[in-house]
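Trainee: Dropping a structure here in structure tokens format, bear with me for questions.
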Amino acid sequence: GRLQSAASEAELTKIQQVEAHFQQETQAVSAGQYVVEDAEHTLVEPSDEFRKTALIPSLEKYDALYKESVKDPDAFWSRIASEFYWKEKWEVNDGKIHTENFDIREGPIKVEWFKGGKTNICYNALDRHVEAGRASDIAMYWEGNEPGYDSTVTFGQLLELVCQVANYLRSLGVKKGDAVVIYMPMLVELPVAMLACARIGAIHSVVFAGFSADSLAQRILDCKPKVVLTANGVMRGAKLINLKSIVDDALAQTKKQGHAVETCLVYGNEVATKKEETAWVGERDVWWQDVIPSQASRSEVEWVDAEDPLFLLYTSGSTGKPKGVLHTTGGYMVYTATTFKHAFDYRPGDIYWCTADCGWITGHSYLTYGPLLNGATVVNFEGVPTYPDAGRCWEIVDKYKVTIFYTAPTAIRSLMRAGDEPVKKHSRKSLRMLGSVGEPINPAAWKWYYEVVGDSRCPISDTWWQTETGGFMITPVPGAFALKPGSATFPFFGVQPAIVDENGKELEGECSGYLCIKASWPSAFRTLFGDHSRYETTYFAPFKGFYFSGDGCHRDKDGYYWLTGRVDDVINVSGHRIGSAEVESALVLHPQCAEAAVVGYDHDVKGQGIYAFVTLVEGVDYSEELRKALVAKVRSQIGPFAAPDVIHWAPGLPKTRSGKIMRRILRKIAANQIDELGDVSTLADPGVVEQLIELKGK
Ligand code: 6R9
């Protein structure tokens with residue numbers, strides 16, 4: 001049918017698993033119990049105990065560093081960069097270590113940091129610590145999907161593994177500047193593969209192992225790797241995913257279209273699939289276990305320029321063609337390490353767990369590079385937060401004595417639905433810091449996270465950033481100032497946000513508008529792979545002189561930043577600008593509403609009307625009475641002008657594999673443009689769309 005898509009087994013994602021799990025849950029808690037009456041006026045101070053040991057323990061200290069970082073970014077960042085190992089120092093021209101043009105009227109957009117400097121990010125993440133006598137310290141705890149499957153890897157062991165893979169890639173002729181595609185599940189071997197590429201100067205392009213064969217083929221055709229790394233299979237929750245057959249399909253497609261991948265290196269993951277049951281293309285496929293362990297465990301470092309590419313990561317844009325976001329080496333290294341350290345108040349001894357997959361930017365910057373550059377011990381979890389039950393996360397926290405836990409609001413809301421019981425069953429006393437990323441966190445979810453998960457003891461760093469920014473842009477520095485539930489607080493060092501109006505005029509003080517950045521920061525992306533003009537027109541043409549984030553933002557009277565969602569999600573109702581996130585936040589305050597997604601649609605009188613899709617708490621039936629109550633909730637929370645015109649009951653919402661709601665699709669359903677839905681194959685579960693269409697008007 002019209003909506004039939006190429007959804008395969010592999011398209012089942014973590015998010016879907018979470019949803020499936022909760023269909024079996026009977027006990028449900030509602031966000032309504034965690035109302036934050038006035039988030040903008042709710043200040044949550046760090047405890048005296050937290051502040052006592054914090055790296056940046058006061059607002060004065062943050063202010064002083066921030067001022068320096070924007071007044072003299074070159075001095076600020078070169079001081080920090082000097083803490084890393086550089087084979088050769090970067091060039092300094094007139095005291096400057098960076099050049100930039102952020103203004104399209106002045107010529108091509110260009111950003112460079114530490115140019116002329118020779119370094120290697122793998123060396124800085126591994127060798128440097130080993131040489132400092134930390135070879136037997138733990139770099140990574142790997143926790144498998146199935147409880148009881150785990151392993152521990154020291155810095156020394158991780159370095160040896162990386163060297164073996166680096167040597168093998170070299171033996172295939174992979175050299176500096178070549179692209180390597182990695183399509184692997186969350187085994188230790190995934191970050192190992194990334195670091196091995198970095199070691200030899202190859203450009204890794206990780207494709208999340210939940211993308212379909214078509215999407216994988218599209219990415220391979222764009223960057224044309226000689227080698228693809230994968231695993232034969234993986235278990236996600238109770239589901240087997242046959243990765244190798246997806247890769248086979250993708251590689252057959254690329255071959256037909258003129259790009260034949262020479263070698264496919266396959267990690268035999270026997271927990272999921274037997275080797276003898278794995279389809280094989282003799283002249284192309286090689287078992288990891290047959291070639292890697294026999295490699296030498298030392299491997300020379302390829303010293304690269306700070307501006308040599310480190311990786312490509314594809315992300316979706318407003319058009320169908322994915323954008324290959326390109327990051328370079330030096331600035332990315334310095335910035336991800338520094339943001340990690342300060343946003344999480346990291347110090348040696350911390351055990352850090354980030355639930356992201358390496359297939360996304362968070363898994364690059366804050367599961368792999370940022371923490372390892374700091375010599376941190378990371379937890380790498382293969383499974384889903386709710387398998388085998390909703391207590392899994394807290395069980396893992398206790399098992400490894402996790403001190404810093406970093407996850408996404410969608411996971412928090414899902415866990416919240418299972419109630420407090422599974423959380424409280426576990427001690428969690430090792431936790432001292434929490435983090436959130438990926439979308440605005442509604443104040444009620446923030447409060448639940450803070451009070452129930454963190455026992456009102458752990459600050460939450462709500463980190464706003466993007467694939468394009470490489471690292472945190474607006475984030476708490478948790479010992480320095482009070483938090484507000486749902487606010488990402490203030491810019492990180494060196495970041496100069498600007499909120500502009502539709503004419504590109506920068507607004508002052510308390511205001512709402514489009515979030516831009518005025519000047520470059522070290523980990524800014526340098527281009528879109530193979531399409532510099534798309535880079536310029538997408539990000540630098542809309543508001544001349546600025547990088548445009550695509551997000552809406554409010555700055556309150558205290559200077560706190562509140563991200564309101566993608567700008568195309570901001571709804572203008574009778575001249576009132578309403579963030580879809582605000583309406584969603586209000587809706588989920590109703591005790592029977594579990595999740596909401598709000599979009600705008602054309603309205604004869606108001607310009608735009610508000611159309612709300614709502615998922616109810618398990619066991620609750622949708623009714624006219626409930627519809628009225630939901631509308632009343634929004635009226636009372638925000639104001640009558642924000643009252644949804646339509647409430648659409650949604651047993652499931654269309655989400656990407658990273659858990660983002662695809663509003664593009666919701667907007668089409670709201671607008672009755674069912675024939676223009678476009679590609680739904682990138683959804684975690686394309687079936688929800690059919691279901692939503694059936695429920696329209698009911
Ligand atoms: C890191 C990541 C980027 C978009 C971004 C924004 C949203 C991310 C957020 C947030 C509010 C936060 N976003 N973090 N919105 N508060 N803390 O998610 O990168 O996948 O490229 O998405 O995600 O809309 O523009 P990416």
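Trainee: Any residue in region 285-306 that is in contact (Cβ under 8 Å) with a residue 60 or more places away in the chain and small (Gly, Ala, Ser) sitting within a Cβ distance under 7 Å of a residue that is outside any loop (DSSP other than H, G, I, E, B) and open to solvent by 50 Å² or more (accessible area, probe 1.4 Å)? List the pairs, counting only those 6 or more apart or interchain.
Mentor: Hits for this filter: SER297/GLU160.
Trainee: With the checklist (1) open to solvent by 10 Å² or more (accessible area, probe 1.4 Å); (2) outside any loop (DSSP other than H, G, I, E, B); (3) more than 16 Å from the ligand (Cβ to nearest atom) in hand, flag the one item TYR450 doesn't pass.
Mentor: Against the list (1) open to solvent by 10 Å² or more (accessible area, probe 1.4 Å); (2) outside any loop (DSSP other than H, G, I, E, B); (3) more than 16 Å from the ligand (Cβ to nearest atom), TYR450 comes up short only on (3).
Trainee: Please go through region 535-551 and pick out each residue that is in a helix (DSSP H, G or I) and more than 16 Å from the ligand (Cβ to nearest atom).
Mentor: Correct list: GLU536, THR537.
Trainee: Select from region 64-77 the residues that are open to solvent by 60 Å² or more (accessible area, probe 1.4 Å) and in a helix (DSSP H, G or I) and write down the one among them that is farthest from TRP90 (Cα to Cα).
Mentor: ALA64
Trainee: Pull out all pairs, ordered by first then second residue, where Cβ-Cβ is under 6 Å, the residues are six or more apart or on different chains, the first lies in region 354-372 and is modelled with pLDDT under 95, and the second is more than 11 Å from the ligand (Cβ to nearest atom) and assigned to a helix (DSSP H, G or I).
Mentor: ALA356/LEU367
Trainee: Then there's this: Run down GLU146, GLU83 and say which single residue is open to solvent by 40 Å² or more (accessible area, probe 1.4 Å), under 25 Å from the mean Cα position of the chain (by Cα) and not aromatic (Phe, Trp, Tyr).
Mentor: Every option except GLU146 fails the conditions.
Trainee: Go through the residues of region 614-622 one by one and say whether even a single one is closer than 27 Å to THR682 by Cα, open to solvent by less than 10 Å² (accessible area, probe 1.4 Å) and out of contact with any Gly (no Cβ under 9 Å at 6 or more places or on another chain).
Mentor: Yes, because at least one residue in region 614-622 is closer than 27 Å to THR682 by Cα, open to solvent by less than 10 Å² (accessible area, probe 1.4 Å) and out of contact with any Gly (no Cβ under 9 Å at 6 or more places or on another chain).
Trainee: Only one of (1) surrounded by fewer than 24 Cβ atoms within 10 Å (Cβ to Cβ); (2) part of a strand (DSSP E or B); (3) in contact with a helix residue (DSSP H, G or I) (Cβ under 9 Å, 6 or more places away or on another chain) is not met by SER151, so which one is it?
Mentor: Tallying (1) surrounded by fewer than 24 Cβ atoms within 10 Å (Cβ to Cβ); (2) part of a strand (DSSP E or B); (3) in contact with a helix residue (DSSP H, G or I) (Cβ under 9 Å, 6 or more places away or on another chain), SER151 fails exactly one: (3).
Trainee: Based on what the data block shows, is THR489 farther than 22 Å from GLY659 by Cβ, more than 16 Å from the ligand (Cβ to nearest atom) and in contact with a strand residue (DSSP E or B) (Cβ under 8 Å, 6 or more places away or on another chain)?
Mentor: No; evaluated as a whole, the condition is false for this residue.
Trainee: Among the helices (runs of 4 or more DSSP H) confined wholly to region 328-411, which include 3 or more residues that are away from the ligand (no atom under 16 Å from the Cβ), open to solvent by 10 Å² or more (accessible area, probe 1.4 Å) and over 29 Å from ARG199 (Cα atoms)?
Mentor: 392-400
Trainee: Among the residues of region 214-273, what is the count of those that are out of contact with any Pro (no Cβ under 7 Å at 6 or more places or on another chain), at pLDDT 95 or above and part of a strand (DSSP E or B)?
Mentor: So the count comes out to 9.
Trainee: Could you identify the single residue in GLU439, GLU502, GLU510, GLU506 that is within 14 Å of the ligand (Cβ to nearest atom), of a type in the set (D, E, K, R) and either out of contact with any helix residue (DSSP H, G or I) (no Cβ under 9 Å at 6 or more places or on another chain) or open to solvent by 20 Å² or more (accessible area, probe 1.4 Å) (or both)?
Mentor: Residue meeting the stated conditions: GLU439.
Trainee: Sticking with this structure for a sec: Within region 518-528, is there a residue that is within 14 Å of the ligand (Cβ to nearest atom), out of contact with any His (no Cβ under 8 Å at 6 or more places or on another chain) and assigned to a strand (DSSP E or B)?
Mentor: yes
Trainee: Going by the conditions given, is TYR561 in contact (Cβ under 8 Å) with a residue 24 or more places away in the chain, open to solvent by 10 Å² or more (accessible area, probe 1.4 Å) and touching a Ser or Thr at 6+ places or on another chain (Cβ under 7 Å)?
Mentor: yes
Trainee: Residues GLY470, GLY419: which one is assigned to a loop (DSSP other than H, G, I, E, B), open to solvent by less than 10 Å² (accessible area, probe 1.4 Å) and away from the ligand (no atom under 14 Å from the Cβ)?
Mentor: So the residue among GLY470, GLY419 that is assigned to a loop (DSSP other than H, G, I, E, B), open to solvent by less than 10 Å² (accessible area, probe 1.4 Å) and away from the ligand (no atom under 14 Å from the Cβ) is GLY419.
Trainee: For region 640-662, name all the residues that are surrounded by fewer than 16 Cβ atoms within 10 Å (Cβ to Cβ) and among the aromatic types (Phe, Trp, Tyr).
Mentor: PHE641
Trainee: Filter region 580-599 for residues that are assigned to a strand (DSSP E or B) and either free of Cβ contacts under 8 Å to residues at least 60 places away in the same chain or among the polar types (S, T, N, Q) (or both) and give the result.
Mentor: ALA596, VAL598
Trainee: How many residues does region 663-687 contain that are modelled with pLDDT of 85 or more, surrounded by fewer than 21 Cβ atoms within 10 Å (Cβ to Cβ) and among the aliphatic types (A, V, I, L, M)?
Mentor: 2
The values are calculated or read from the model by the stated rules, or taken from the named source; none is laboratory data. Bear in mind the structure is a predicted one, so any value in this text is a computation, not a measurement. Every residue, glycine as well, gets a Cβ built from its backbone with ideal geometry; the counts of neighbours run over all protein chains shown. Only protein heavy atoms, including side chains, enter the accessible area calculation; ligands, DNA and RNA are left aside. Shrake-Rupley method; radii C 1.70, N 1.55, O 1.52, S 1.80 Å.
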